[in-house]
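Colleague: Let me give you the structure first, and then I'll get to my questions.
The values are calculated or read from the model by the stated rules, or taken from the named source; none is laboratory data. Nothing here was measured: the structure is a model prediction, and the numbers come from that model. Every residue, glycine as well, gets a Cβ built from its backbone with ideal geometry; the counts of neighbours run over all protein chains shown. Just the protein is used for accessible areas: all its heavy atoms, side chains included, with ligands, DNA and RNA removed. Shrake-Rupley method; radii C 1.70, N 1.55, O 1.52, S 1.80 Å.
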Amino acid sequence: MRKYGWSSFRDLVLKNPANPDAVDQQDSHINDGDENDVRGNWTNKREYILSMIGYAVGLGNVWRFPYLTYKNGGAAFLIPYFIMLVVAGIPLFFLESSFGQFCSQGPIYAWRAVPILQGVGFSMLVVNSLVSIYYNVIIAYSLFYMFASFQSPLPWSSCLISFTGHFSALLETCNITSLPAANSTRENDTCSPSTTTVIPTQSPSEHNVSLHFSHPSQVVLQRSSGLDETGSIVWRLALCLLLAMSILAAAVIKGIKSSGKVVYFTATFPYVVILILVIRGVTLEGAADGIQFYIGSQSNFSKLAEAEVWKDAATQTFYSLSIGWGGVMTLASYNKFHNNIFLDSFVVTLANAGTSVFAGFAIFSILGHMAYVYGKNIGEVAEDGFGLVFIVYPDALSKLPIAPLWSVLFFFMLFTLGLDSQFAGIEVITTCLIDGFPKILQSRRTLITLVTCVVIFLLGLPCVTQAGIYWVTLMDQFVASWVLLVIVLVEIIGISYIYGGNRFIEDIEMMIGNKSFSFWLWWRACWFFITPCLIVVLVWSLATFVPPSYGTVEFPAWGLALGWCMAVFCIVWIPIVAVYKLIRAEGNALQRLQSVCRPSEEWHPYLEIHRGERYSEEHCCHKNTVNQSDADTNVISNSWL
């Protein structure tokens, strides 16, 4: 039995040595063929690529991008979208992936490169945790709707009518000849009586009778009137939440070794369904009008002169790639050191963009048919977000032959889209914990994963109450919005100007080999100048911020205040950790600032075999004994060394 002295016990409690000999190899998530026999590696490159695509391609590709394209001029919107992808999306994705792969650490301990900004890692962890809570609820919604689709007719195929008063009196006084259209007033999810032909024979008031028309989504989710009316837990949604979390826990129980097998299905199946929906959609009457409305002849290139269009393109590119959540860095940290992360970044980002465009054809071809059936303009039936995937599109599918089949396929696709995105969410949390306490937790990965899943399930229960959809909307609008812009701006400034963009390029060349100066010219331009201009998007987002709402249901003042508190809680770790690091540093104010802006001694490739001369122990010792006058070089100028 291995024995530890006092120094080993101290390291066990206080330190996180990036040392392969520091942890007993007891966990089954390690394979004999792994390069890193402590943290483990992806079994093969396919599993990493599929996991990254599954993480990046999520619900936003289906419910947000098509609507933004229609809203911002159709095909004209693809111009700013792909420009933003090239100047911001791909450079940031490449940067985060390389950062994680180089040090083989999660988002917290990767910031040993710039200790003063280690709070960025904590902010990523907090954002990821909050998003995981409500994202799992959306997966539960998808499961619930999928189960509800195993019946004919579909429960949302028509509006529901409820009666107040004597039912027999209503039968005597009203002759209802048709039901209202399911999408008549989607803004508040209620159907307007004006779309129903009601022929009264007597005055309903004489019998104390009133008629109420409700969209089925209001009944299916048992939605309350607002955030103030919490109501009770909807037990069917709670069971679906439990099922979703159980499936998720089973898939990630062994970390990347188990989730890497599941993504062979979850990352590819959505493409099969989208293809089926596109083929079916284009054969429907009115589909051509829907596609033209999406990217066809009705494109409005004059929209390119509007700043709002460019803001939408930037934010969609940014959010769809899941940059700033910690997942990109975490998944890349399990790569082998010499993996070609440059090529992988292109594959994932282009696949994500292509999926967004392709999904738009599936959405708008069927919405075009829906508009044809109702005799409406497509602009009157198009929505984004929850309204699209849980109200409008299900209603459109209900108008197709064999409607339950298409509905089951659609919601199962949403389930798989959400599931593999959630894999990375859980992995970020467990990786941060295990990286922080490797000797204690490395051999207890299964337990850590189960505890994480249970906690997220319990925290998600308020989101399956009758006011749950309001909580989901509130968290989505405040947590997964401009907060991510703040995190990424600090990230790009920290790596490019404090750690040093050229130094970072040298680190990347240690992994993928030396490249010519011209090869890095574009990446230098993006990381140093173009991408930091995202601050313009941040300022614009804050300047044009509109308090979120769910349709026409406004959130109370206390709800909005809570939303702002969640946003502040996500980013407050950046200044808190920075102040803490400065207090713990030694010397005068300038010396403290310089010391926490330089990489720590623990910043290097995880395995000693990969450290080379730049990160060898002798080189590190030489750096520590360098004359203080040399260390007084300006921090920003160091970024060019």
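Colleague: Between Arg46 and Thr230, how high is the FRET efficiency from 1/(1 + (r/R0)^6) when r is the Cβ-Cβ distance and R₀ = 30 Å? Nearest 0.05.
Modeller: 0.10
Colleague: Hey, another quick one. Which order, highest average first, do 458-471, 498-511 follow once you tally other Cβ atoms within 10 Å for each residue and take the mean per peptide?
Modeller: Peptide ranking by packing, descending: 458-471, 498-511.
Colleague: Let me ask something else. So what does log10 I(q)/I(0) come out to for segment 54-98 at q = 0.15, 0.25, 0.31 Å⁻¹, using the Debye formula with one equal point on every Cα and no solvent?
Modeller: Result of the Debye calculation: -0.47, -0.97, -1.04.
Colleague: Rolling a 1.4 angstrom probe over the protein heavy atoms, how many square angstrom per residue are accessible across segment 326-429?
Modeller: With all protein chains present, segment 326-429 gives 24 Å² per residue.
Colleague: Can you give the extra length, in nm with one decimal, that the chain gains between Leu590 and Ile83 once fully stretched, where that is 0.36 nm per residue apart less the Cα-Cα distance?
Modeller: That pair, Leu590 and Ile83, stretches by 178.5 nm at full extension.
Colleague: With every protein chain in place, what's the accessible area of Lys515 (1.4 Å probe, Å², nearest 10)?
Modeller: Per-residue accessible area (Lys515): approximately 90 Å².
Colleague: Quick query: amide H of Thr465 versus all other amide H atoms, modeled in the peptide plane; which residues come in under 5 Å with a sequence gap of 5 or more or a different chain?
Modeller: For Thr465, the qualifying residues are Val234.
Colleague: Now, a different point. Which percent of the Cα-Cα distances in segment 455-570 go past 16 Å?
Modeller: 70 percent
Colleague: All other residues with a Cβ under 10 Å from the Cβ of Pro107 taken together, and with Lys, Arg as +1 and Asp, Glu as -1, what is their net charge?
Modeller: Around Pro107, the surrounding residues sum to -3.
Colleague: A further question follows. What's the long-distance tail for segment 37-111, i.e. % of Cα pairs beyond 21 Å?
Modeller: 46 percent
Colleague: Could you order the peptides 358-364, 72-78 from most to least packed, using the average number of other C-beta atoms within 10 Å per residue?
Modeller: Going by the mean number of other Cβ atoms within 10 Å, highest first, we get 358-364, 72-78.
Colleague: Across 5 Å bins from the origin, how do the percents of Cα pairs in segment 71-160 run, short distances first?
Modeller: Final binned percentages: 3, 10, 10, 11, 11, 13, 14, 11, 8, 5, 3, 1.
Colleague: Quote the Stokes-Einstein diffusion coefficient, in whole µm² s⁻¹, for segment 524-569, based on the Kirkwood radius over alpha carbon pairs, a temperature of 20 °C and a viscosity of 1.002 mPa s.
Modeller: Estimated via Stokes-Einstein, D reaches 164 µm²/s.
Colleague: Within 10 Å, count the other beta carbons around each residue, average over each peptide in 46-54, 417-425, and list them highest first.
Modeller: In decreasing order of mean packing, 46-54, 417-425 become 417-425, 46-54.
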